[in-house]
Amino acid sequence: MHPPAKRSLHIARSVTEALEARARLGDNAEFFAGGTWIMRADRREEFEDRHYISIGGIEALAGILISKDDVVIGASTSHAELAAALTEVAGFRALQVAAEKSANPAIRNLATVGGNICTGGFAAADLVPALLCLSASLEFSGADGLERVPLETFLKTRSAVLPGRILTRMIVPRRPRRSAHARLPLKKAGDYPVAIVSASFALGENGAVEDAVIAVGSVEHSARRWTALETAIRGLRPTSADVVALAKETAGEFQGRDGVEAPGWYRVKVLPELARRAFEDLAERKV
Amino acid sequence: MTVMLRINGEERAFYGDPMTPLVDVLRETLLLTGAKAVCREGFCGACTVLIDGVPTPSCLKPAGLSGGAEITSIEGLGIEGELTALQQALEDNDVVQCGMCFPGMVMTLTPFLAAKPDPTREEVKQALVGNICRCTGYERIIDAVLSIGNKERTP
Amino acid sequence: MTASIANPAVMNLARRDARDKLRGRTRYTIDHVTPGTLHAFLLRSEVPAARILRLDVTKARAMPGVRAIATAADAPGFFGIGIADHPLFAKDVIRYDGEPIAAVAAETLQQAQAAAAAIELEIAPLPASITMAQALAPDAPLIHENWRDYEILLEGAARGGNVAWEAKVMRGDTEAAFARPDVTIIDSCFSVGRQNHVPFEPRAVVATYEDGRFHIKTSTQVPWTVRNATARALDVPASQIRVTVPPVGGAFGLKFDCSLEPFAAVLARKTGRAVALVNSRREEMLTCLCRENAEIRIRSAVTKEGEIVGREATVLMDCGAYGGEQIFLTTMTAHTLGGNYKLGSARISSRAVYTNTAPNGAFRACNGVYNTFALERHTDEIAEAIGMHPMEFRRRNVIGDGDLGSTGQVFEGDVLGPMLEKMAALQAKAPATPRAPDDRRLFGRATTVGTWFIFVGPSSATINLNTDGSATLITSGVEIGSGTMVQSLPQIVAARLGIRPEDVVVKGADTDAAGFDLGVGGGRTTVSIGAASTAAADEVRKQILHAAGELLQTRVEDLELGAGRVEIRGVKGSGMTIAKVVQHLHGTVGPVAGTGAFTNPGVEAMAGCAMGHFIDAIDIPVFAVHDCEVAVDPDTGHVDVLSYRVVQDVGRALNPRAIHSQIQGGVVQGLGYALHEDMSVGPEGRILQSGFETYRLPGALDVVPVEIELHEGAPSIGPLGTKGAGEVPILNVGATIACAVSRAVGKPIHELPLTPPKVLDLILGDPRHLDHPHISATWIDNTIPVRA
């Protein structure tokens, strides 16, 4: 067996302090935001000694700014705060639902947006596919200044982006779109979803899909776009049955991850149904 | 390291590892054993306390990050330990069994009912998504919550 | 809270312990780990099977804060049920992942963990049998090489190889029945996983050793088992051990066995300090004494009129690395799987099988839950095979007055039949749950029956009547949350003595104060401790009446007790308070006390029918009829429970509201077993679910209010005609859900739990019939040959 890990806590009051601490403490240091992942390290049998740099109190990482062009979300915003702020924002239903339904009420009070994105090991994060379907960008601060990276790029290049940088804000453009978030926990609620489909559609005057961004979470180790379905649906005025049929044709591009809670095949198999639910939710809503 | 915590209206000092989960400080240092560390994953709700009025799983909150906030544990509810209206309803309806989950249930439902004094059955259930009970099967807890004030409610 | 006129013991008395539980003031065992207590931690095996080559604790003992380390050398004894096969620590051989190898006591838990990690352990891996199929393979290595040498604690069972215990039923000639030309033979196989109790309070103990005696404060259902098993493990006289039990934060059978107590005891003796040992949730997941996984084959020969002329069944119960409760539970199969229906002839083999996995244990309606699932699904398959409506088949075949049970006992009274009628009436009253026209879900409904029994056994009680008119009830009963100690027992005693239940003080279990008791479980507490308490109350009552008769110059027959007074029958205010009578007795003959004892009267089985059973016939049968409606999502495999109804045989309901709460809670635990709770053993013999994230307990949104009707009046030897009511509500939930889902999806179901991936697989695949190649269709091959 392993001896219990030694874990130290460092409280950063500014982004600069956080980055300095990170540089000083080296590779076994990591940022501590809401703590809902890190405080469960024992359960994941992580026995390495760690330095944690608390970033929850940094003012520059807090707050949500809604303007006519975009919504800027501070990295330390909690799920509950995000859900409350987005209730009236047109086109942001995917993100609002993701924030409002994830895990359970108490966890939503603690867990942050930044933590949800930066925790590479957490495949079932609700916010990631939701932000992905809304074409969010991430703003990182590092020794070399600010850097803005599309979320989609970040998810593919995570390990190249993160070292030496801290996620400060999410920038989500406001566009005339409809969005929806369909998640599938195994219980009614309270557990992590085994598969997620988040979608945003731009619909033309005649109701045709001019553009679709569809993201899939929890099925593979990292969320990614369902490009084959996006392409297939573009230009159509699909019915639910069409969406299901196209989803069935294109779901094969995903390789479901096997987990204790659900086998990989199941996560892929439920995607057409989740696509249908997302589509019906999105089609029913006028904004 | 010393952490000053404000718990149930009193300043209390904790000397020790700041990564210690708040629930262990409450239980082991301050002997406030009402909060129970049942799952230590934030899924069961039995260690719920209020931090600045917000229900929080105290197993996921390090002591070192709990200073500067007003922490209320189950022991801090009610005047001189008398029952609150919620606790009274739960007692009157005889819904308690082993009792381990109830401090957490009470801490979750107290701010919920303050914000929403007239909830529907479904809303109470949604509020309890993070509070697991292994004994009771929930429904009678919800009956008791809905009975407060004996108001007529739609399901 | 109105007492019924017919019986003063019947009332909806509220719990006296709720107030402190709601305020967080109740001190469970985990809350007794006060400053100054040493923390213990167990070094556990991380492999399923190995030989220990070297174990050296020298370096670990010298680590900071460490006060003692115990190993197999400190606990030489073996304990167990039926056979003493279980050492406290792995000595030469490791038999499961999670098996304790050493125990460390230190000033802090972190110090104990660090020292455990520093213990030097060298092992040589051994081949492991993780599944029962592997363990029963002809060339399987023996998990207990020296099984023949173990002390036998109960004679009469067949054992051999990796079969730890075999209980058999042989009544009538099944071969002849199956050979009849007019029968249809239905052959079904079933498989179920483990279920973890997840009591919110884990197993926990605080032990001290003073003046040559151990004091074990523990979260248990069985203080006397803890006392006696600890004595065996440590090889000390049982009289050196005192066990007391604080309020228990949930148990459900997990705490029906000795587990952590001897470790804390041996460390307390070594250190002279109080030592606490509390399982982490992860340890509770990995080493839980779960409801066992089981594999079942049932074959029935049925005529076209629906008469079951022969039934042969084999049940394999995984006991894990040590026999434990499963040894005893092999007995239950005769009454659960062998129950419900009239059988012309029966052969049942019920086997506890060793595997290199964590030992299993007892769990609410143990053995009955999965055997009822198997039996009821098999019953549906019979009905389908002979073209009879499943309810018609059940109505014709359920056990009634004078019918024989599987072991040949004669049942009294028609119970299941009338209960089925009550359920039909409930169904008729409530229309089926309405459906939206565009609802794409698949709907199914099922009604099932179940047989459980109250395992009575010995209990004792003492009552002291005090000069203030209150009574103190002293038993070894434990309040585990079911309410027995705070509701039914004070209700029974108060009614007997004519005082208020609030005036009956119930002392918590203390083996130094109260006499032997078998333990709180199996639905036996109200019945057994209730009967002992009634007997004790009767002794006290007699003394009061006798003294009052002298004081009032009235014949005892003309006196009655009530409202805290002795009165001349029918003349209110004619007598005096009970307190006054007690005060008088103090001055004349001394304090007033009574004792009572009870044990099972022993109903008879047919001679020669049952072999290897701990009990051959059941003293108090309990029946249940469950009904549910489900809707199944054809695209995700999610099962929504739309309605749930229970008609339960309770004998007599002393506290109907509390029984309703037990039924709601028990049904929900059953829904967890049927639909959510998946406990899987990985290829390396480790339980894969390590906590609440992966082991999914039903939440508030997953449940429905259960509609309940209590069936009263069935025969019972329990006090006032009671039967235990808390155990049985979980009994047929798995069965009812499985039968309903099977009808909804139009496919046979042979496995539980029905998690969404499993249901979707069922919907998408072809209908499959499970087969167990390691359980022969020739029944006799599933038994150990009797040596001449």
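Every read-out reported here was derived from the displayed coordinates using simple, explicitly stated rules and does not represent laboratory data. It should be emphasised that the depicted structure is a prediction, and the values quoted were computed from it without experimental measurement. Every residue, glycine as well, gets a Cβ built from its backbone with ideal geometry; the counts of neighbours run over all protein chains shown.
In terms of the Cα gyration tensor, with a ≥ b ≥ c the square roots of its eigenvalues, is region B:11-74 rounded because a/c is under 1.5, prolate because a/b exceeds b/c, or oblate? Here region B:11-74 falls in the rounded category. Rounded if a/c is under 1.5, else prolate if a/b beats b/c, else oblate: with a ≥ b ≥ c from the C-alpha gyration tensor eigenvalues square-rooted, which is chain C? Because a/c hits 1.5 or more and a/b fails to exceed b/c, chain C counts as oblate. Taking the helices alone, chain A has a mean residue ellipticity at 222 nm of -9000 deg cm²/dmol, built from -39,500 (n - 2.57) per DSSP H run of at least 4 residues and averaged over all its residues. Taking Cβ atoms as reference points and 13 Å as the exclusive limit, the residues near residue A:54 contribute a net charge of +3, counting Lys and Arg as +1 and Asp and Glu as -1.
Partner shielding of C:700-709 amounts to 6, given as the average count of beta-carbon atoms from other chains within 10 Å of each residue beta-carbon.
As a proxy for reagent exposure, ranking C:335, A:221 by other Cβ atoms within 10 Å from fewest up yields A:221, C:335.
If only the Cβ of Lys and Arg carry +1 and only the Cβ of Asp and Glu carry -1, the dipole of the protein assembly as shown around its Cα centre is close to 1080 debye.
For chain A, lysine pairs separated by 8 or more sequence positions, or belonging to different chains, with Cα-Cα distances below 20 Å total 6.
According to the square roots a ≥ b ≥ c of the eigenvalues of the Cα gyration tensor, what is the shape class of region B:79-149, taking rounded for a/c under 1.5, prolate for a/b larger than b/c otherwise, and oblate for the remainder? Judged from the Cα gyration tensor, region B:79-149 comes out rounded (a/c under 1.5).
Which net charge results for the neighbourhood of residue B:64, defined as the other residues with beta-carbon distances under 12 angstrom from its beta-carbon, given Lys and Arg at +1 and Asp and Glu at -1? Once all neighbours under 12 Å are counted, the net charge is +1.
Of all beta bridges that DSSP places with both ends in the protein assembly as shown, some 80 percent have antiparallel geometry. Restricting the GluC sites (Glu not before Pro) of region A:108-210 to loop positions (DSSP other than H, G, I, E, B) with no more than 11 neighbouring Cβ atoms within 10 Å leaves A:205.
Taking every residue in C:677-683 and counting other chain Cβ atoms within 10 Å of its Cβ, the average works out to 1. Put simply, when A:79-86, B:137-144 are sorted by average Cβ atoms within 10 angstrom per residue, most first, you get B:137-144, A:79-86. Taking the dipole about the Cα centre of region C:175-316, with the C-beta of Lys and Arg at +1 and of Asp and Glu at -1, give me whichever of C:223, C:188, C:263 is farthest to the positive side. Checked the options; the winner is C:263. Each peptide in C:128-139, C:566-577 receives the mean, over its residues, of other Cβ atoms within 10 Å, and ordering these scores from highest gives C:128-139, C:566-577. Its DSSP H runs of at least 4 residues, each contributing -39,500 (n - 2.57), put the calculated 222 nm mean residue ellipticity of chain C at -7000 deg cm²/dmol, to the nearest 500.
The mean count of C-beta atoms from other chains within 10 Å of the C-beta of residues in B:122-129, rounded to a whole number, is 5. Across the options A:240, A:186, A:200, the greatest Cα extent toward the positive end of the charge dipole of region A:178-284 (unit charges at beta carbon of Lys, Arg, Asp, Glu) belongs to A:186. Only lysines eight or more places from residue C:217 in sequence, or on another chain, were considered; those with a Cα closer than 21 Å are B:36, C:21, C:255, C:270, C:507.
Descending by average beta-carbon neighbour count within 10 Å, the peptides B:81-87, C:737-743 line up as C:737-743, B:81-87, the highest first.
For residue B:53, the residues whose amide H sits under 5 Å from its own are B:72, ignoring neighbours fewer than 5 places away on the same chain, with H placed 1.01 Å from N.
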